[in-house]
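The block underneath contains the structure these notes are about, expressed in structure tokens.
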Amino acid sequence: MFKTKYIPVSVAWELTLACNMKCIHCGSSAGKAENDELTTRESLDLCDQIQELNCELISLTGGEPLLRPDFFEICKKIKDLGIDLSIISNGLILNEKNIENLSKLDIYGFGMSFDGGTSKTHDSIRGVKGSFDKCINGLELLKNANIPTTIITTVHKGNLKELPLIREIILNKADAWQLQIAAPIGRFQENLTLSKEEYYSLALFIVATRKKYSVKELAVLGAHSIGYNSQILKSTMITPVWKGCQAGITTMAIQSNGNIKGCLSLPDEYIENNIREKKLKDIWNDPNFASYSRNSSSVSLRTVMSSPELKVPMIFPSSSLSVVLCQAMILSSPDLVTIVFS
């Protein structure tokens with residue numbers, strides 16, 4: 001019988017849980033580095049193991065990845081192996097020296113969090129006074145250095161109304177803008193979850209922005225299940241057709257202590273193994289790895305949310321975020337969510 005060969009084309013690596021911010025929506029509850037985080041030697045060896053699996057892109061995240069003293073050493077190793085590199089940062093410690101080092105790496109992209117159109121909102125969400133101004137300065141430094149930059153905004157009740165202000169600030173400065181939904185995991189409080197009406201308004205905002213501005217001015221995309229399979233709106237994501245959750249199929253996630261999962265958004269009960277216990281290729285090629293994704297189809301689990309006002313069903317096929325997103329929808333509209341098993 002033919003056996004599918006899975007390749008982790010993209011790897012998300014949570015380099016550390018150390019963070020210099022206290023974001024209210026942080027799914028990792030980051031702050032202090034874990035005592036058992038991978039050493040420099042282990043991290044460099046892990047880079048070799050990732051390369052053996054024919055990975056094409058590694059995204060370093062955290063916490064705040066730039067806080068690791070060996071950050072640039074790990075980045076150089078990744079690039080020396082011929083793997084594309086992207087970095088997701090809060091932008092707080094971006095300075096001319098860091099920008100100079102980033103420029104030498106020729107990275108695929110730099111993602112920077114930006115969550116408010118005013119200093120009051122942004123600083124409140126991210127827990128650091130003055131972070132709004134520092135992030136704007138960091139964006140200017142990235143633009144001047146010609147480093148491809150994506151602004152990442154995590155949307156909830158606390159900042160939904162400021163999206164037009166954020167757009168005005170980053171227009172013609174960032175290359176892309178990723179808008180994603182805050183889900184009730186980690187530090188995020190359930191009462192800030194978007195309602196069904198707010199969810200739709202976010203999707204409409206993305207579509208409207210795409211129509212108003214060219215990709216050259218600002219490429220806008222929805223993430224974390226915004227818009228796919230809508231019967232009215234075209235896909236708001238980067239690709240026109242959603243091919244299903246790729247956790248454990250083309251993507252893999254690594255936690256700071258070497259735990260392996262299909263996706264960082266999954267809770268810890270979905271940890272498959274640890275690189276200190278088993279080689280990465282053996283973890284990835286285990287027949288039981290990411291069975292929720294590899295052994296499922298688009299009809300095995302469907303969440304149908306139907307709005308009486310809009311009369312539009314929203315279908316979320318099985319994905320690594322299905323549990324989290326179902327929680328969010330149930331919290332905001334418990335009478336409108338039906339879980340269908342077939």
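The values are calculated or read from the model by the stated rules, or taken from the named source; none is laboratory data. Bear in mind that the values here come from a model prediction, so they are computed numbers and not experimental data. As a convention, Cβ positions derive from the backbone with ideal geometry for all residues, glycine included, and neighbour counts pool all protein chains shown. Just so you know, the surface numbers come from the protein's heavy atoms only, side chains and all, with ligands and any DNA or RNA stripped out. Shrake-Rupley method; radii C 1.70, N 1.55, O 1.52, S 1.80 Å.
Here are some notes:
- Scanning the range 82-108 for residues that are within 16 Å of the chain's Cα centre (by Cα) and under 19 Å from Ile136 (Cβ atoms), we see that the one that is most open to solvent (accessible area, probe 1.4 Å) is Ile88.
- Qualifying residue in the range 189-196 (condition: polar (S, T, N, Q), surrounded by fewer than 20 Cβ atoms within 10 Å (Cβ to Cβ) and within 18 Å of the chain's Cα centre (by Cα)): no
- In the range 32-52, the residues that are open to solvent by 20 Å² or more (accessible area, probe 1.4 Å) and in contact (Cβ under 8 Å) with a residue 24 or more places away in the chain: Ala33, Glu34, Asp36, Glu37, Thr40, Glu42, Leu44, Asp48, Gln51, Glu52
- From the options Lys216, Lys211, residue that is assigned to a loop (DSSP other than H, G, I, E, B) and open to solvent by 60 Å² or more (accessible area, probe 1.4 Å): Lys216
- The residue that is farthest from the chain's Cα centre (by Cα), counting only those in the range 64-81 that are among the aliphatic types (A, V, I, L, M) and over 23 Å from Lys143 (Cα atoms), is Leu81.
- Some residue of the range 41-63 being among the polar types (S, T, N, Q) and in contact with a helix residue (DSSP H, G or I) (Cβ under 7 Å, 6 or more places away or on another chain): yes
- Screening the candidates Ile125, Ile78 for the property of being at pLDDT 95 or above, of a type in the set (Val, Ile, Thr), farther than 26 Å from Val9 by Cα and not in a strand (DSSP E or B) yields one hit, Ile125.
- Conditions (1) under 30 Å from Lys157 (Cα atoms); (2) of a type outside the set (Phe, Trp, Tyr); (3) assigned to a loop (DSSP other than H, G, I, E, B): number failed by Ile7: (1)
- When Ile24 is tested against (1) open to solvent by 10 Å² or more (accessible area, probe 1.4 Å); (2) modelled with pLDDT of 95 or more, just one condition goes unmet, and that condition is (2).
- Number of the exception - Ile107 against (1) among the β-branched types (Val, Ile, Thr); (2) assigned to a helix (DSSP H, G or I); (3) without any contact (Cβ under 8 Å) to a residue 60 or more places away in the chain: (2)
- Criterion violated by Ala183 - all others in (1) surrounded by 21 or more Cβ atoms within 10 Å (Cβ to Cβ); (2) at pLDDT 95 or above; (3) over 20 Å from Gly117 (Cβ atoms) satisfied: (2)
- Selected residue (criterion: farthest from the chain's Cα centre (by Cα)) from residues of the range 109-129 that are crowded, with 16+ Cβ neighbours inside 10 Å and among the charged types (D, E, K, R): Asp123
- Taken residue by residue, the range 34-45 has no member that is within 18 Å of the chain's Cα centre (by Cα) and part of a loop (DSSP other than H, G, I, E, B).
- Residue check for Ile58: out of contact with any Pro (no Cβ under 6 Å at 6 or more places or on another chain) and open to solvent by less than 20 Å² (accessible area, probe 1.4 Å): yes
- The numbered conditions (1) open to solvent by less than 10 Å² (accessible area, probe 1.4 Å); (2) more than 23 Å from Val215 (Cβ to Cβ); (3) within 19 Å of the chain's Cα centre (by Cα) are all true for Leu160 except (1).
- Screening Asn229 on (1) at pLDDT below 95; (2) farther than 19 Å from Asn285 by Cα; (3) open to solvent by less than 40 Å² (accessible area, probe 1.4 Å) shows it passes everything except condition (3).
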